[in-house]
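Just so it is clear, none of the values below were taken in a lab; they were calculated from the coordinates. What you see is a predicted model; the values in this text were computed from it and never measured. We place every Cβ from the backbone using ideal geometry, glycine too, and count neighbours over all the protein chains shown.
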Amino acid sequence: RESATEFRRMTRIGRVSRGFVEVPGGADGPSYFFVRDSEREGTGLSSLDPDGKVRNHVFWRWGGGTRIERSKEGRHLVYSRLAPYLEHSLYSDLYLYDRERGREIRLTSGARAIDPALSEDFAWDARTGKIASGSVYYAKN
C-alpha cells in the first residue's frame, strides 16, 4: 500500500523529540515549533520557518521537554522541561514562551508537570506576567 502523505525530511539537526506544533504564519505559511535534542545543537526550543530555516529560541542546560501546546492565536507556547528544584533535584516544570518578546517564563516550580494542555479561553497578560483567563492543565509525572 502507498502512503496517502508524501514524507520528506524537514530538518538536519539531529533528533526532534517530544513536541511538535504548527503555528499559523503570514503569507509565507506556518512555522513549526519543536523540542530540539541534538548533540551538536544542544537541547531547547526551536522552530522551522516556511523557508526551511531552523531557528533556536531557547537553550536548556538539562534535557527533557514534552508536548508543546500553543495558544489559540499562536503567540504563546506552553511546554514542560527539566529544571533544578531545591538543592539536588531536577523536576519537570511548565514554561510559557512568548513568541513576540522571545522570552521564556517559568509557570511552575517543582510541580513534576508534563504534557500541558490549554483551555480554549486561555490568554496571557504580558503586562502583569500572569494568566489573564482560562487554564493550563498538565499531567503529573
* Segment Asp51-Arg75, extension gain: residue separation times 0.36 nm, minus the distance between their alpha carbons -> 6.7 nm
* To do: Provide the net charge surrounding Pro24, with neighbours chosen by a C-beta distance below 15 Å and charges set as Lys +1, Arg +1, Asp -1, Glu -1.
  => -2
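Ranked highest first by average number of other Cβ atoms within 10 Å, how do 131-141, 95-105 line up?
Numbers: 131-141: 13.7, 95-105: 15.5.
Answer by packing, highest mean first, reads 95-105, 131-141.
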